[in-house]
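Down below is the structure, laid out as structure tokens.
The numbers here are math on the coordinates, done by the rules we state, and not lab data. Owing to the predicted nature of the structure, the values given are computational and were not obtained by experimental measurement. Here Cβ is always computed from backbone atoms with ideal geometry, including for glycine, and neighbour counts include all displayed protein chains.
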Amino acid sequence: MLKLLFLLSKYVFMFTRLKLKQNELKVFRLHLLFSLIQGVITGVFALNELIFIKDMDASNYQLSILLQLSVLVMLVSIVANEFLKRVSNKKKMLRWAALITHFPLLFIILFPSSMTEYQNNNIYHYLFLGIFLFFYLNLVITLPAINQMLKNAYSYENFGKLYGYSSTANKIVIIITTILFGFWLDKHNYSFLYIYPIMGILGVLSIFYLSKIPQIPHTPIPVRTSIVESLRNSLFFAFDVLKKNKAFLHFELGFMFYGFAWMVSTAVIPIYFNDVFKMNHATYGFYKNGYNLLAIILLPYFGGLIGRIDARKFGVITFGALMLFSFLLAIAQYFPQSIEIGTIKIYFSLVLAYGFYGVFAATMALLWFIGSAYFCKKEDTASYQSIHLTLTGMRGVLSFQIGIWLYFTFGYTTTFFIATLSLFIAVILMIWSYKRT
């Protein structure tokens, strides 16, 4: 598999060849290979929630916790950023983080392959949640480090373009992996027991490759304060940034409304698809990542666009596309017309909804990862991203549970309409902020 990814990265690199400096060439190759390997991992884990409720018989609230983990770990981003400032050898730090956060995935091979055992023993559900808590912790270390390393290595005019090309390659691999894994799971339901450990090993390798990106030498901050004092200083810095940088504050407020809507919907969609549309693994995989076909086509364009316009104007496109997706999702159950291609059932209403989600995916792939970088100086990139990630964690504390509660109390339609309203507010806020500041 690694040999195949190496060849694919070489092909994509030749296809997207730009007038780059020698150091940018090297960094782009490493960034591209990292993105391809991560695409395989993301494609496999795209079916995680359906596996959890369909094959492991987890409850809806346990599902909400699983979805919440990737967001909840962001709460420690400010603490992690304080740690990153003190680390001079980021290469070594990234590699240790990869080993610690991915190693628990190997234990999944010891899980049972019988539905009865999962129904009789909840311990496997909580072990599964614990394993993925460790896995998602790598995000608070790698994401700020990636942003800082890439922004230092890429020129300003190529930053968005190169990120867009890597994201495009990443999404191609995600689509292929998700669809193939969905078909495989329909034949071998419990094959995830040995596929997931393999993903753990691949994850370590991808971060090892990423750590080869040349660092700009710097002197680490001397440790003169306790961790409590450092945390307090970091929090004061975050409050100061949000107080003084009004454009960034408005940007993050828009993300709060977007994030609430996305989390509420995300908590309910797997249940919605499983209960209302009775989807198998392959069909779920098709909708889960089929929209990336459109995202792949649009990413190069949006990669160039984000470098030419204000990030808030870019946010209007992102939040607006997701708003239309949420609205169409709310009414999709009332239009069940469909056709079948093999074992995949294609609902026309869901295809239309996921068309807008494709636009959202193409733009969010850029806005979420590098949007905060447009509001600060190069040396503050990691700090701003850590603030962004911490706020992501804050809005994720209860949003997924609220989504489940809304579904139980009011049903699917009302839940998706509430998400639509929240996104409408985010769009209006971005427009108002851009005109005001």
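Projecting the Cα positions of 178, 423, 272 onto the charge dipole of the range 20-436 (unit charges on Cβ atoms of Lys, Arg, Asp and Glu, taken about the Cα centre) puts 423 furthest along the positive direction.
When the charge dipole of the range 20-436 is built from unit charges on Cβ atoms (+1 for Lys and Arg, -1 for Asp and Glu) and taken about the Cα centre, the candidate among 153, 59, 118 whose Cα reaches farthest toward its positive end is 153. Placing unit charges on each Cβ (+1 for Lys and Arg, -1 for Asp and Glu) gives the chain a dipole about its Cα centre, and among 245, 397, 70 the Cα reaching farthest toward its positive end belongs to 245. Any idea what log10 I(q)/I(0) is at q = 0.10, 0.12 Å⁻¹ for the range 20-436, Debye with uniform C-alpha scatterers and no solvent? Listed by q, the Debye log ratios stand at -0.68, -1.01. Residue 338 sits among other residues whose Cβ lies under 12 Å from its own Cβ, and their net charge, with Lys and Arg +1 and Asp and Glu -1, is +1. For the chain, the Cβ-based charge dipole about the Cα centre amounts to some 1760 debye (Lys, Arg positive; Asp, Glu negative; other atoms uncharged). Residues whose amide H lies under 5 Å from that of residue 344, counting only those 5 or more places away or on a different chain, are absent; hydrogens are built 1.01 Å from N in the peptide plane.
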